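Asker: Below are the C-alpha cells for one structure; questions will follow.
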Amino acid sequence: MNIIRSESGLKDAWGHAFKVGAAVSPEVIAIPRSQELIKTHFSSLTAENAMKMAVIQPEEDQWNWTMADSIANQARQWNIPMRGHTFLWHQQTPEWLFNDNGSIVSASKLESRLEDYILKMTERYGDIVYAWDVLNEVIDEEKGTPQGFRKSKWFEIAGPEIYLKAFQMAREAAPKARLFYNDYNIESGEKLNVTLRFLSDLLEKGAPIQGVGIQGHWNFEYPDDHILRNAIEKFSALGLEIELTEVDISLYRTAEKEPLFTTPPEERLLRQLKRYKNIFRIASDYPSVKNITTWGIADNHTWLDNFPVRNRKNWPLLFDEENQEKGIVPVLIDTGLNLID
Ligand code: GLA
C-alpha cells in the first residue's frame, strides 16, 4: 500500500482495520492545533457531551442545537463520520423528561418523548452520524434488578420493554445507521455475562442492533490481553460489531490517591504505551472491530482529572498537555503500518 510514513496519521496506519476516533467538545474543536490533530489522525468523531439530551433539549419545547451543530458542521466540512452519543441514558437527562404536570410521566408518554427526540436527532445529524449509541449503560449487575438492569428512571417508569422499543424507533428513524448498545466494564466479570444475556435477548426479540460499544475507560494495568480477546470473541459470536468507544488509559489504579503525581511517571507511561499498543494490535485481529475512539484528544482536556478522584491530574490520552504527540503515537503508527507492509 502506498503510504508515506512521515505523513501518516493514526487513521492511515489503522484504516485497513478500523476507524480511529476522538471525542471532542465545541471548545476543543475550535482550537487550530486540535483541528490539525483531528485532520491528521482521526477518522471518526464523537461529541463528548454536546449530543446528550440535557444539552439538546433542556426543556420540553426548547431545542438547543448550537453546540452539537458546531461539531457536526466541522465533521461535515472535513468529511469525518461521527458516532452519535447517545439517546437513552440515565445521566445528563433533563428534569422535565420524567415529569408530567407535577407527577411522574406515564410509560407511553416517556416513550413518545424518546421517539420525538430520536426523530429530531436523526433528522438533523443522520447525514454525518454513521452509528448511534441507542442505549448507554442500562446494565448494573451489582445494584440493579435480579436480571441486572439498572434501576434508572427509564427502567422504573417504562420497564425493559423501552430498550427494545428504542432500537425499533432508531431503526425507523435512521434506516441505514449502525445501532449500538454502549457500556463500561462490560469486557469482564459478571457484567460481561449479564450484558451478553441482555444482547442475546434483544437479538432474539428481533431488535435491530448491529453493535456493542465497549467504552474502554481503562488503566495502565487493565485489561490484560486475554480479557480483551475474550470479550471481543464473545460479542463477535453474537454476530455484533464492536467499537471501543471511549478509550482512555488512566495512569492510576482506580481510586489510588497516593502518590498523586505532578508529572506523569515514566514507568507508568511505558505501561500505558504497552496497553494502547496491545489494544490496537489485538483489535486489528478481529474484523468485527470497527472503531477505536479515545475519550478526548490531549491530556489537557480529560474528565479523568476529576474522576473518580477530584483534582487528581491524569494523563490518559495520546497527546500531551501541549497538544504534542506522546511517545505512544509513533509507536502506534509504526505498528499499524507494519501490519499493512
Ligand atoms: C460515560 C459516558 C460518556 C461520558 C463519560 C465520562 O462513559 O458514556 O458520555 O460522560 O462517562 O466523561
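Asker: Considering each residue of the range 232-245, count those that are of a type outside the set (S, T, Y) and open to solvent by 10 Å² or more (accessible area, probe 1.4 Å), and give that number.
Answerer: So the answer is 6.
Asker: A further question follows. Going through the range 216-231 one residue at a time, which ones are part of a helix (DSSP H, G or I) and open to solvent by less than 50 Å² (accessible area, probe 1.4 Å)?
Answerer: Hits for the range 216-231 are I227, L228, N230, A231.
Asker: Let me spell it out: the conditions are (1) within 20 Å of S44 (Cβ to Cβ); (2) open to solvent by 20 Å² or more (accessible area, probe 1.4 Å); (3) under 18 Å from the mean Cα position of the chain (by Cα), and V289 meets all of them except one. Which number is the exception?
Answerer: (2)
Asker: Scan D248, D225 and give me the residue that is charged (D, E, K, R) and within 23 Å of S43 (Cα to Cα).
Answerer: Of the residues listed, the single one that is charged (D, E, K, R) and within 23 Å of S43 (Cα to Cα) is D248.
Asker: With the structure loaded, tell me whether N314 is touching a Ser or Thr at 6+ places or on another chain (Cβ under 7 Å), closer than 13 Å to N219 by Cβ and surrounded by 21 or more Cβ atoms within 10 Å (Cβ to Cβ) or whether it fails that test.
Answerer: yes
Asker: If the requirement is being under 15 Å from V247 (Cβ atoms) and within 14 Å of the chain's Cα centre (by Cα), which of these qualifies: Y184, Y222?
Answerer: Going through Y184, Y222 in turn, just one is under 15 Å from V247 (Cβ atoms) and within 14 Å of the chain's Cα centre (by Cα): Y184.
Asker: Name the residues in the range 71-106 that are of a type outside the set (D, E, K, R), within 16 Å of the ligand (Cβ to nearest atom) and either in contact with a Leu (Cβ under 9 Å, 6 or more places away or on another chain) or farther than 25 Å from Q215 by Cα (or both), would you?
Answerer: Selection gives I71, M82, T86, F87, L88, W89.
Asker: So how many residues does the range 217-269 have that are under 26 Å from Y286 (Cβ atoms) and not polar (S, T, N, Q)?
Answerer: Within the range 217-269, residues that are under 26 Å from Y286 (Cβ atoms) and not polar (S, T, N, Q) number 29.
Asker: When you look at E141, is it under 21 Å from A207 (Cα atoms) and surrounded by fewer than 21 Cβ atoms within 10 Å (Cβ to Cβ), yes or no?
Answerer: So E141 does not fit the description; no.
Asker: Oh, and also: Restricting to the range 29-56, name every residue that is assigned to a helix (DSSP H, G or I), within 13 Å of the ligand (Cβ to nearest atom) and either open to solvent by 10 Å² or more (accessible area, probe 1.4 Å) or within 15 Å of N73 (Cβ to Cβ) (or both).
Answerer: A54, V55, listed by residue number.
The values are calculated or read from the model by the stated rules, or taken from the named source; none is laboratory data. Being a predicted model, the structure only gives us computed values, none of them experimental. Cβ sites come from the backbone with ideal geometry, for glycine too, and all protein chains shown count toward neighbours. Keep in mind that these areas ignore ligands, DNA and RNA; they rest on the heavy atoms of the full protein, side chains included. Shrake-Rupley method; radii C 1.70, N 1.55, O 1.52, S 1.80 Å.
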